[in-house]
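I have placed the structure first, in the form of structure tokens, so that the comments after it can refer back to it.
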């Protein structure tokens, strides 16, 4: 039977029966889903068989091996452990040697640093001595003091010229406290407080 077919709504199958095109599309999608599930089931079955075969091979290999004496097995493990320990012992010896060298180097540097600190301390003392007018005194009396002129007269004359106690002490080679005492006594004599 041949009939007029509208292009989008109906189609004829191989037996000549008129079918709806929407039913045709649903049938082809169902066929793809059925073939995909069949394919996945087949793949899973193959993987399962492959895994079982591998396990059987391992079991056969173990069974085919002659059982070793436990003493021989222990001796074999000891030999393997000893062979593995040799590189570690070598590395430990190298690390120990390196630590010793570093310790010697640090000791040498610490000793050098102590020497430098001592030298710096000595230079600091010399620098302070050179900058301090009190420690820089030669303790030689001024030339005019040698002639028998009293120290007080020299202190008075330098104070009258406008010098302070430190300058006077430096000039005369005496201590600042001695100069200040002489000037204080002069002031007391001048004000009449001295008894």
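For the residues 77, 156, what sequence is obtained by ranking on other C-beta atoms within 10 Å, fewest first? Kindly include the intermediate steps, with their values, before the conclusion.
Working: 77 10, 156 15.
Ordered by Cβ neighbours within 10 Å, fewest first: 77, 156.
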Label points 7 Å out from Cα along the Cβ direction at residue 112 and residue 55: separation in nm?
7.1 nm
Quick check: residue separation of residue 184 and residue 82 times 0.36 nm, minus the Cα distance between them. What number comes out in nm?
27.3 nm
Using a Förster distance of 45 Å, the FRET efficiency for residue 122-residue 100 (Cβ separation, nearest 0.05):
0.85
Report the full-extension gain for the segment residue 62 to residue 37: residue separation times 0.36 nm, less the Cα-Cα distance, to one decimal in nm.
5.2 nm
Rank these for me by crowding, 90, 157, going from fewest to most other beta carbons within 10 Å.
90, 157
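Grab the Cα-Cα distance for residue 69 and residue 157, subtract it from 0.36 nm times how many residues apart they are, and report the gain in nm with one decimal.
Working: separation 88, 0.36 × 88 = 31.68 nm, distance 11.73 nm.
The residue 69-residue 157 span can extend by a further 19.9 nm.
Each reported figure results from applying straightforward, stated rules to the coordinates on display, with no laboratory input. None of the values given here were measured: they were computed from a predicted structure. Please note: Cβ atoms are built from the backbone with ideal geometry, for glycine as well, and neighbour counts cover all protein chains shown.
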